[in-house]
Each structure stands twice: as structure tokens, then as C-alpha cells.
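Written out below as C-alpha cells is the structure these notes cover.
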Amino acid sequence: MTVMVELTDVRKLYNGGSPQAAVDGVSLTMQQGEFIAVMGPSGSGKSTLLNLIAGLDRPSEGRVLVDAVDVGSLSETELARFRRARIGFIFQFFNLLNNLTVLENILIPAQLAAVSPTVALDRATALMNGLGLAEKQRLLPGRLSGGERQRVAIARALINQPLLLLADEPTGALDSHAGEQVMERLTELNRRGQTILLVTHDAKLAAACAGRVITLSDGRVADDSRLKASPEVAPSDILRLRPGEAAP
Amino acid sequence: MSLRFGILGLLAEEPLHGYEVKTRFESLLGGTWEVNIGQIYSTLQRLERDGLVAPADDRGDRGKLPYHLTATGRRTLDGWLRQPEEEPQQLREEIYVKLLLAGRLANGNVERLLADQRRVYLQRLKDLAGLERRSRDEGRDDLALLVRGAVLHTEADLKWTDAWAEEIRRAPKRGGRQ
Amino acid sequence: MSAVITKVVAELRRRRLQAALIGIIVVLASGTATIALTLIAESSHPYDRAFEDQRGAHLVAFFDARKATSALVAGTQQLLGASATGGPWPAVNVPFKHGSGKDTLTVVGRGDPGGRVEVLRVTAGRWVEAAGEIVLTRSFAEQNAIALGDQITALSVHSEPSFRVVGEAIDINEGPAGSWSQSAWVIPAQVDQLVIPGDAVDLKMAYRFESAPTADQIGRDITKLKMGLQPGAVTDTVSYLDVRDTFNRITAAILIFLLAFSVFALGAVALIIANVVTGAVIAGYREIGIMKAIGFTPLQVVQIFVAQMAGPALAGCLVGIPLGGLLSQPLLNQSADALGLPSGISFAPWIPIAAVGGVLLIVVVAAVIPAWRAAVLNPATAISLGTSPRIRGRSGFGRLLSRLGLARPISLGADDAWVRPVRGGLTAIAILLGVATLTFAYGLHGSFNAYHDFAPLQGQVIVERTALYPDASVIATLKSQPETGNVVRVDSRNVSVSGASASVQGTFYDGDSTRLGWLVLKGRWFSAPGEAVAASALLQELHLQLGDSFSGLIDSQPVRIRIVGITFDPDNAGHAFIADWSTLAAAAPSAGASTYYVALRPGTDPTAFARRIQATQPDFLNAQVANFGASSFGILESVMLALVLVLILIAIAGVFNTVLLNTRERIRDTAVLKAVGMTPGQILAMVAVSASVLGLVGGLLGVPVGWGLHRGLMGLMGNLIGNEMPSVALNVFNPIVLPLLVIAGLVLAILGAVMPARWAARLSVAEVLHAE
């Protein structure tokens, strides 16, 4: 099993010189194929942690290794190249480019990486088919529902076949039905081998999808639990209806 | 209470005898509630005494007595169906008591307890989520809704655990007194 | 109201960069506009004021004393219905030697500088009281560095009497020395003594009318004079309009440019402000909605936006307008000096008020229109627009480019240029104005350089003789020089032409005049007696076509002249013609050349040659190298350069602002692109391309506009000097340079985009996309 992400005593101070740390001494290791959910209340540092792993921010102390590369040592340009080759990103508010079609949105990372247009188109088509977006490929994001937009974002994140998929509150802006669909996609992706790191405050999302839930509090790891998936669990093991008191 | 009205509701569809009531009831609730046949029979008797159900005249095979709903029973059922639940919120007492006591006692490690409980809730959520999905896949949307209720309750419990932990974090001294 | 003010101050503090930008462009534009306004207002003003102060003569006429008596001349007042007259004063043309220079002055005998018409303002010393004293014009004395007490020598008579300069005066009826012949004053009795043997005294009369006459009226008055007296009695006339025009000629040219480009500058400012406000409105939709929800009325919202713009604009005016006023002084002083007005800060109070008012009006209108649209939205709509801004449509341009195989950042950038078409359009127009100005300046420079191709007498030496030195001796001296190539004898006469408002300057050449350097625009050079070439203004005034003839009087002899060619002759504002000596000889057989044009053999230094000729007869000859007034070009070119700079700076500021707004608005998208792997270099390229598209459009449109302007304004200039501009002055656009000018637009855009592009490339994704 290869180590995908390794954080060693990582600290990140708040921008603006406050002595408080957003991430205060976090060490963790993520294996290839894992699905980790990072939970915690507002201000616990989970988004900052995600940004550090993605190379969108540099640690104040400590080392962040992604695919054995020290992310903190790369220049902006190198980071951009690193990101587009190895990391896929899904945001809470989709962050699609509103004046490009669905297909164009999906193709962007590939075009930026100068992937051959035919190869890029093939990958995009496969992704759209898999995500049920094929008929909508010429529409603008404004015409799509929230769930559809997030699916476009997923396709965009996957077009360069990233080693690591990062998701920041992916269901935060969706209704429960669309959110569940996203959950299912992510689970499916992980089942096929995609390494996923998910940041969320939604406990159900975290528990349902991830095999490992890390809880942050005040920038530190407060808990790191492994969850088992047991498809054979009987309902009565986990759910009992309580009979009411006898009627008067 | 819900057993009484559950039986009334089942009998509203068609007359049933005791054993049928048990199986149907359990099936309705997707196996989440295993009812004692004796409990069914005693409830039926009480319902008959109150005039809400009545046994059918002819006896089926093996001497099983089918019951049916009386007019009064139907009215009572309708009345119950229309009313929202106004009972006070039921909380899990055991964990609450456990936490309170752990907070008081010198050897009580509240943080530890909370962390472990949290883990339990997370695993529970995972299992429940899987159950909900399987229910939908099998077409049992009503069961899925029930499971959804359980999920929400578990989420609430989890949030409560977090709130408790937050409280302790902010005022660690206060946990011991009171 | 205090709520509005509080909000405005907060906004200004927050958007300091934008406020500074607006301040700067307003400084530039208001300064330029102020200079233009000041020049318009003041350039004729001082002259008119001085004219009234000194009771200038609307018309001055010279009469041959042999043909009209003093009493007769005095009686012409009634003939013309003039309300007041001055004179008649005796006058004669006398060449003088002063220091090392020689000039011919019109000596007028006048005992009293005052009177009812043509009051002379004594600016130094005193008036003449005795024989041997002389008063010069101030501009003549200044130009030739003659001080009070100096002696100058009259060369018209053998005795060469010298005169002591006792005073300097200003004659409002004369132009500045150098472009207008000057008067000098002595006691009346001495005039007779200075008459060149064989010549006669003239009587000078000055007329003033109730109301200022037009050019036509003056023309009719002149005709009345001529009709009322013996033929040949009237030797010369001067209209006050000609004098006034001389002052204004150069200023007028500068004025035209300044006006045109001030309009440009103000227009560009308006565009930029409209852009800025639109951007601010778009960025502030959500805030506008909230403001309205908490109780600001639509009017107050508009006030806030307008005040945000008007504040810095006002500050810009406070700097720019005084600056413009100060810078306009050197230009004003040129004319004021010649009029003897106190050359200091002359500032009409209405100008700064008008300038501030005008600029603020433009700013307010440019701001109100977009602000009003936003202010009338209902709060809910405004907030929802602000939270999820809708950027309409997709640009086919970008997709086209990406299909052509261009890298993605480039096609994305191309899209960005037109995402907001109004903003892009306004910016492109600002660039257009900058490029047009640059193109025009290039053309102007080319025209000035081409001047050498059509200015006559380049590199030749002009020799003048006094009447005492024989014509034949001059010819002998000149021909004896080894470097002499060709000599042309020249004399000129004022020719009275019926139908002309003033007398026409006729110049007559004896010798091979075809190689003097005169540019023939149409037709041909004269080759027979009675033929002449003229400037287009003359033909226009006399309503003649090429090939037509007109009649005139030379020395009271009737002549008939046929115009066979149109030449470029700015002399006398185009009121001139050149003909062969034979035409003059027919009317005045005893005429002798007063000037000689000497063309030298190649390789000869004209200055040395001129000095040598001068040295042979320092008293009687005056030799100098021909130089036809290219000095004024210097001023025009510097003014043009300044204008180019102003417009270019404004254009760059416009692009800067637009790219800044775009970058701010698209900051989320840019962060997302960075997150999915766009390198900082690619972002730079993307922003640069979006600006470049606008730059190219502005450049492509600006070059033809500038070219058209060049043609148009050159034509106007030509009208001013009474000549058609020769094509060599107009066709100065080297085809290689034209694409370079278009690229200049591109460069402008990129310069403006550099800083915002770098900011975009450097933005922190984590900060922008911060979810928590």
C-alpha cells in the first residue's frame, strides 16, 4: 500500500499574524485507496488542512508530503502543475465557470495540462456518461440544478485522472436528495480505487462514505476512528421502535 | 400505545387473527420490532374489552380467532390518526445518567466516555445509512423513511455529544462540581 | 444626509486606488481643457481690449502726397463716414542701420502720440521733441536689442543722419516685429529730410468707425477711397482684421489641436468614469440591496455613487485647473507681450468655474446613468443579483480561438474581454482615442518634416539693398562670387485688385525662378508676361479658377494678370501672387530690384556666403540665409507631444481600471482555475490576452481616425494660412508605420493590464475560496 499523503507536525498560523494556529501540530498518514472524512466544528481547521494538502497554502511549520513530494517546497508554478496532474478538487459551491458549457468546464484541467484534445474528449465523454451528464453537455451551468452542477464539478475533478480527490463540503449547497446522490458517487469512486479526502461537518455524510473519520478540534486531531462497513447488519441490531406507555 | 393502535390499523385493512397480526406488524416495521405473541393476544383482549375490536363469528382453521374492527374502533383509530404526538421528548436516559455520574465521580473520565460514545454513533450512522440505502434499493420507501428518522436521531445524539464535549472544553473546572 | 456622507467617506477610504485613478485622469483632462478654454477666451481678448483702449484704427490708408493734398486726405473722413480719424501724418519708408542689422521702417511724423484714433502707448522713455530723436516700436526694439539712448542711422539719404532712440511705443495697428513691418516716429518736420531721392512722402490716415466693420465693409471703404480720389492716390491700405489675424495665426493652430484633443480627453474621462461606476455598481449590487432594505432611498443611493466619483474628480480639478492655467501662460504671453500688456497671470475667473462645472457635469452624468439603474432595483432583486452574479452568455470568439488550437489560457482571456460588452467597448474607445492621438501626432510630425520639401528658398541667401546702392553693382558683386549659382532679382508691389478687401502682394522675379523651390500644386509656373502663380486663398477671394485673369493697379497702372498655377505661398495669408519681371516693367518701367535670391553651388555654406556679401557693403547690403518660419513648429510639436502623453496616459488608466474591475469580479473563477492547475504564468497570459483584444480593436479603429483627423486638421490649418496643403504634407504616413501604430494600441493595453494581471496571478486561492 503506498502512502498517498503524509503530514508531519504541520502547523499553519492564521494569516494576519495572529499567534493562534489554524492547524496546530497535525500528523497523519493517508494510504492509497482510503476514504478519509475530516470533521470538526467551524474554526477547527479542517478547510485549512485541506488547502495545505492541496498545495493551495503553505504550512508555517512541518512537512506536507503528497505522493512523496514536499508540497511546501514547490513554487507557485510547480504547485499548479502538480495540482493539475495529481489532485482533483470539489468545492461546496461548485465553482464552475459560468460562461462555459458543461463540456468546456470539464475539459479545462486537461487543456491547461496540454493533454491532447482527442484524449481529453474521450475522457470527458466517459466521465459524462458515467455521471449522467451526456445530454447536458452543451448547457451552461446556470441551467443546471445544484446536484447536476456538482456532478460536473466531479467530472472536472477527475478528468486528469488524479491520484487524490479532495472534497470540501461537497453536499453543503445541495438538498438532501442531491446530496445523497453525490454521496453515492463518491462511495462508488472509492470502491473503484479512488483515494478520497473529504472535509465536512455533515456527520452522516462522513460516516456513510468514509472508512476513517478524523475529528479536528482547535487545529488538532481530537479523534481518528476507523468505521466498518457491514452490509449484513440486521435492522433490529441497530434500530428499535420503542413501544409507548399503556393508554389510559 | 403504538402496539394497540398498530393492531387497530392493521385490522382496519382486513380482519386478522392473532398470529397474522404479529407477522404483519413485524413486517410493516421491517424487522425493527419483534413482538411477543402473548403481548398481541393480551392487547387484543383488552381492545375487545374496550369495544374497539370484535372476534368474527366463524372460526378459521385450527381454531384461530380472526378479529375485526368495530365502528367504535374505527372512530377511535381515526381520532388517533388525526392527532399529532404531544408527548414529551424522550431522551436516552442511560447515557445521560452515565455522563452526569462520570462528571461527578473522581474516577469518571468524561472526555473518554464522550469520545467512545461518539465513535459508537458514527459507526451507527454508517450502518443506518447502509440500511436506508438497501431499503430504497428494495423499494421499501416507507422503511427507508423510518431509518431516516433513526439517522436524524443519531445525528442529534452525536451533536449532543459534541456539545457536551465543547462545554467541558470551555469550562473544564465546572464539570466536577455541582 | 450624514448617512450618505458617512457611506461615501467609507467607500472612498476603501477604494483608494480607484479614487486615485479618477483623480489623476481628471487632472490630465481638466488641465488640457483649461488650457484650451483659456487660450480661446484670452487669445483675442487682450488684443480686443488693447484695441479699444488704444482706440485702434479699423482702417489705415496711405496716400501719395503728390496726388492728394493734406486737406483732401482729411476730407476722406466724411467720404467714409468714419466716426473719428487720426492724421494725416507724413510717412516714408526708410532703411535704417542699427548695430549690425539693417531694417526698413516706416517713419511717421507725429507730434503727439495721443489723439482720437491710433493712440500710441509709450512704454519706455518719452515722445520725440526735437530733431534727431526717434521713437521705435517696443517689439522692434526688443527683437533687435536696441536700448534707449542708442543711435540708429537712416540710410535713405546720402548724409546718413543718425537718430537717438528716446522712447518705445506700442502701435495697436501693427503686428509684432518679424512678421509685420514696423513704424518709427520722428517730429513731422524731419520726414521730408528722409525721403529717398526720387521717392515721395505718403500721407497716413487712420479711420475709426462707430461699429467694427467687417472685411467686406472695409473692402468697400477702400474702393470708395480709390474712387473718390485720383487714380494712384491710394498707395496702401491696412485693415485691422489682418493685424488681429496675424496675432492669432499660431495660437489658432494650437487652439484647434487643443480643442479637438481636449474633447477627446474629456470624452475618455467620461468613458472611464462610466466604466468605473458600472463596475462599482455591479460589485455592489448586494450592498445596494442591503442599503435600500435598511432605508436608503434610490436618490440617496445615486448620491452615494455620484459623490464617490465627484469627490476625487473635484480634487483632480483643484490640481489640474490651476496647472492648466499656469501652463497656458507661456502661450498667452507670446501675444500679450507684443501688445504691451502686462505679461503676468491673466486669469478670467469664469474659466476655472466653467472648467470645474464642465468636468463635474461630465463626471456626474457618467456616474448617474449606471447608478440610477441600480438604485431603482427592488432590494430583493439587488441582493440576489449580488449573491449570484449572472455573467451573460458565452463568447464565440474564445471558442473559435481554442478550435484554432491556441492554448486554453489565451482563449479564456479572449472570452474575458467581451464578457461585459459595454465595459469592453468603452475601454476600446479609450484606447482608440489614445491611438488616434498618437497617429495624428505622427502625421503632424511628418508634415512638419515634409515642410522642407515645399518651403521655398531653402538654403538660399537673400540679399537686400538700400535705394542708394545701384542695382547693377549688386549684380556685379553677386556674379563675381565663385559660389554663386543663380541670381534672381526680386521686387514687390502692393497691387490694388478690384474685389479684394485688402491690397494684394505682388512679387516679381527677374531671372530663372523655376528652381527657387516654390511648390506648384496645380497648373504650371509662369512663362510669359502677364502670367502669374498665386496661393489658393487669392483665387478663392476673387472667385477665380485656374486660368482666369484679373485686373489690378500697379503703381496706378492697370495690368491684367492671368493665373496659370497654384502655389504654396503662406505670405500675406495667401493674398499674394508671383509674376515675371516683365509684368512689373510694363507698369513701372523704372522699377529696380530691392531683393536678390542667390542660389549657391552645392557644398557651399550659405551662412559664410551671406556674411561675406554683407561685408562687401555693410552699409548698403543686408544678406541672410532664407528661413521661412519653421520656428513655430517647435511650439506646435511640443504641445502635440504633451497631448499625446495625456491621451495615452488616460488610455492606459482606462485599461488598468477595466482589467482591475474584471479581475476583481472574476476573482472566484480565477481562484478556481488556479486550484485546478492554472499556473501563474498562464493566468498572466489570460489577463494579458483579454486586454490585448481590446488594445487591438482600439488600435485598428484608432489609426484610421487619427489619419482622418490629420487630413481634417491639416485642411483647417491650410485655411488659416490661405493655402491648400500640398499632398507631400499630407501623404506622410509610411505604410510600415501603420501596423506599428495598431500595435501601439496593443502595447497601451498591455501596459495598463500588467499590474492587475500580476495581482491576479499572485492571489491566494485559500483566501478567496475560504469556505469557512
Task: Assigned charges on the beta-carbon of Lys, Arg, Asp, Glu; the stretch C:140-249 dipole about Cα centre (debye) - done: 280 debye
TODO: When you have a sec, figure out the Kirkwood radius of the stretch A:138-216 from all distinct Cα pair distances and drop it here in Å to one decimal?
DONE: 13.1 Å
Open item on the list: Let me test this: with uniform point scatterers at the alpha carbons of chain B, what is the Debye-based log₁₀ I(q)/I(0) at q = 0.12, 0.16, 0.17 1/Å?
Closed with: -0.77, -1.01, -1.07
TODO: For the stretch C:638-767, just run the numbers: alpha carbon Rg, then divide by 2.2 N^0.38 Å, N being how many residues it has.
DONE: 1.43
Task: Given charges at beta-carbon only (K, R positive; D, E negative), |dipole| of the protein assembly as shown in Debye - done: 3300 debye
- [ ] Using only atoms on other chains, find how many Cβ atoms lie within 10 Å of each Cβ of peptide A:104-113 and report the average.
- [x] 5
Task: Orientation-averaged projected area, Cα convex hull of the stretch A:52-165 (nm²) - done: 7.4 nm²
Open item on the list: Just to be sure I follow: if Rg is taken over the C-alpha atoms of chain C and Rh is the Kirkwood radius over the same atoms, what is Rg/Rh?
Closed with: 1.10
Task: Among C:V157, C:A131, C:L225 - extreme Cα towards positive end, dipole of the stretch C:110-241, charges at beta-carbon - done: C:L225
- [ ] On a 0 to 90° scale, report how tilted helix C:2-14 is relative to the longest principal axis of chain C, with both axes built from alpha carbons and the result rounded to the nearest 10.
- [x] 90 degrees
Task: P(r) histogram, all alpha-carbon pairs of the protein assembly as shown included - 20 Å bins from 0, percent - done: 9, 25, 21, 16, 13, 9, 5, 2, 0
Task: Rounded to whole Å, sorted largest first: equivalent-ellipsoid semi-axes of the stretch C:1-153, Cα gyration tensor - done: 56, 23, 13
Open item on the list: Rg over Rh of chain A, using C-alpha atoms and the Kirkwood radius, what does it come to?
Closed with: 1.02
Open item on the list: Based only on other Cβ atoms within 10 Å, what is the fewest-to-most ordering of A:M4, A:M39, C:M205?
Closed with: A:M4, A:M39, C:M205
Task: Over chain C, relative contact order from alpha-carbon pairs under 8 Å, at least 6 apart, % - done: 16 percent
TODO: Please tell me the relative contact order of the stretch C:111-177 in percent, rounded to the nearest whole number, where contacts are Cα pairs under 8 Å and at least six residues apart.
DONE: 42 percent
Open item on the list: Give me the net charge for the shell around B:N36: Cβ to Cβ below 12 angstrom, other residues only, Lys and Arg +1, Asp and Glu -1.
Closed with: -1
TODO: Starting with the fewest neighbours, write out A:Y14, B:Y67 ranked by other beta-carbon atoms found within 10 Å of each beta-carbon.
DONE: A:Y14, B:Y67
- [ ] For the stretch C:489-608, build the convex hull from the C-alpha positions and give me its volume per residue in Å³.
- [x] 108 Å³
Task: Positive minus negative residues near A:I87 (Lys, Arg vs Asp, Glu; Cβ under 14 Å) - done: +2
Open item on the list: In Å, what Kirkwood hydrodynamic radius results for the stretch C:544-593 from the alpha-carbon pair distances?
Closed with: 12.1 Å
- [ ] Per residue of A:55-63, count partner chain C-beta atoms within 10 Å of its C-beta, then hand back the mean as an integer.
- [x] 2
Task: Neighbour-count order for B:L52, C:L716, fewest beta carbons within 10 angstrom listed first - done: C:L716, B:L52
- [ ] For the stretch A:21-167, calculate the relative contact order in percent as a whole number, restricting contacts to Cα pairs under 8 Å that are 6 or more residues apart.
- [x] 27 percent
TODO: From other protein chains only, count the Cβ atoms within 10 Å of every residue's Cβ in A:192-204, then give the mean.
DONE: 2
Task: Per-peptide average of other Cβ atoms within 10 Å, ordering C:183-196, A:111-124 highest first - done: C:183-196, A:111-124
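FYI, it's all coordinate maths here, none of it is from the lab. Every value quoted in this text rests on a predicted model; they were computed, and no experiment measured them. Note: ideal-geometry Cβ built from the backbone for every residue, glycine included; neighbour counts use all protein chains shown.
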